[in-house]
Amino acid sequence: MITLSQAWRGGLVACALASFAAGAAPRYPVLPAQSSLQFAATQQGERFTGVFKSFDAHIQYAPEDLAGSHFDVIIPLKSLDSRSPDRDQALANADWFDFAHFPNATFHTLAMRATPTGVVADADVTIKGRTKRIAFPFAWKAAASGATLDARVTLDRLDFGLGTGEWADEASVGHKVEVSVHLTLGPGVADPASASAPRPTARSTPKPTSKPKR
C-alpha cells in the first residue's frame, strides 16, 4: 500500500521533472544589427522588396525539446520601408496596414513538429486584427557563438485585409507576399521562468469525526 508520505514524495519528483522539461529549451537573444525581416511583392507586374527595420523577437528553442520551444515576435508596422516614400505613405492608410488603428503585427508559434525535411512550426500571424494559421518551416544552425535561424514563407495579403477597394485587383498589386527571416542569435541562456519550480500545495487530511454516543 502506498502511504501518504510516499505519494507526497512522488508528487514532488513528478513536479520537478515536469519543471525541468518545460525549462529545457534555452532563450536566445537576437542580435539586431545582424538580423533582418524582409518582404518581396509585385506592383503592376514589377517586383519590389522592403524591410521592417524594427522587430522584437523572443526565441526559445531546443531541437530535443520541441514541446518546450516557441517563438514570439512583435513587429511595429511603422518601421516598414518599401524603398519608396510614396508607397510607404499609401501602405500606412486604412486600405492597407492602417497604422493608426493597428500599430503592430504579431507572430506566435503554437507547436513545433519534426518532418522529413526539417522542423516546422505551426504559428498564428496577426495583421490588421486578422489572424491566419500558417506552417513555418525554418532552418536552425547552432554555432559556438549562438545560432542562426532562417525561414521563408509566402502570405496572401487578402487574408489580412491588406489592399481593399481598387487595390484588391491582383493586376494592381500581387496577392502573394514572400517574407524572408534571418536571425543571428547570441548564446542561449536558461529560461528565467524555470528558476522557480511550482510546488504542490499541501492538503490536510480531515480527521474522522466520532459518532455521538446514544
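The numbered conditions (1) exposed (fewer than 12 other Cβ atoms within 10 Å of the Cβ); (2) assigned to a strand (DSSP E or B); (3) out of contact with any Asp or Glu (no Cβ under 9 Å at 6 or more places or on another chain) are all true for A135 except (3). The test for being in a strand (DSSP E or B), surrounded by 15 or more Cβ atoms within 10 Å (Cβ to Cβ) and among the hydroxyl-bearing types (S, T, Y) does not hold for T49. Checking each residue in the range 138-157 for being of a type outside the set (A, V, I, L, M) and either in contact with a Lys or Arg (Cβ under 7 Å, 6 or more places away or on another chain) or assigned to a strand (DSSP E or B) (or both) picks out F138, W140, K141, G146, T148, D150, R152, T154, D156.
The residue list A105, A67 contains one member that is under 21 Å from the mean Cα position of the chain (by Cα) and closer than 23 Å to A168 by Cβ, which is A105.
Suppose the filter is surrounded by fewer than 17 Cβ atoms within 10 Å (Cβ to Cβ), under 16 Å from L37 (Cβ atoms) and among the polar types (S, T, N, Q); does S145 pass it? For S145, the condition - surrounded by fewer than 17 Cβ atoms within 10 Å (Cβ to Cβ), under 16 Å from L37 (Cβ atoms) and among the polar types (S, T, N, Q) - is not met.
In this entry, P187 passes the filter for residues that are closer than 30 Å to A62 by Cα, out of contact with any helix residue (DSSP H, G or I) (no Cβ under 7 Å at 6 or more places or on another chain) and assigned to a loop (DSSP other than H, G, I, E, B). Pairs are defined by a Cβ separation below 8 Å, a sequence spacing of at least 6 or placement on different chains, a first member in the range 102-113 that is among the small types (G, A, S) and surrounded by 15 or more Cβ atoms within 10 Å (Cβ to Cβ), and a second member that is at pLDDT 95 or above and part of a strand (DSSP E or B); the pairs so defined are A105/I74; A105/I75; A105/V125; A105/T126; A105/I127.
Any residue at all in the range 1-23 that is in contact with a Gly (Cβ under 9 Å, 6 or more places away or on another chain), closer than 30 Å to T115 by Cβ, buried (at least 17 other Cβ atoms within 10 Å of the Cβ) and modelled with pLDDT under 95? Within the range 1-23, one or more residues are in contact with a Gly (Cβ under 9 Å, 6 or more places away or on another chain), closer than 30 Å to T115 by Cβ, buried (at least 17 other Cβ atoms within 10 Å of the Cβ) and modelled with pLDDT under 95. Please enumerate the residues belonging to the range 51-76 that are under 17 Å from N104 (Cα atoms), touching an Asp or Glu at 6+ places or on another chain (Cβ under 9 Å) and of a type outside the set (V, I, T). F52, K53, D56, A57, H58, D72, P76, listed by residue number.
The values are calculated or read from the model by the stated rules, or taken from the named source; none is laboratory data. Note that the structure is a prediction, hence the values are computed from the model and not measured. Note that we place each Cβ from the backbone using ideal geometry, even for glycine, and neighbour counts take in every protein chain shown.
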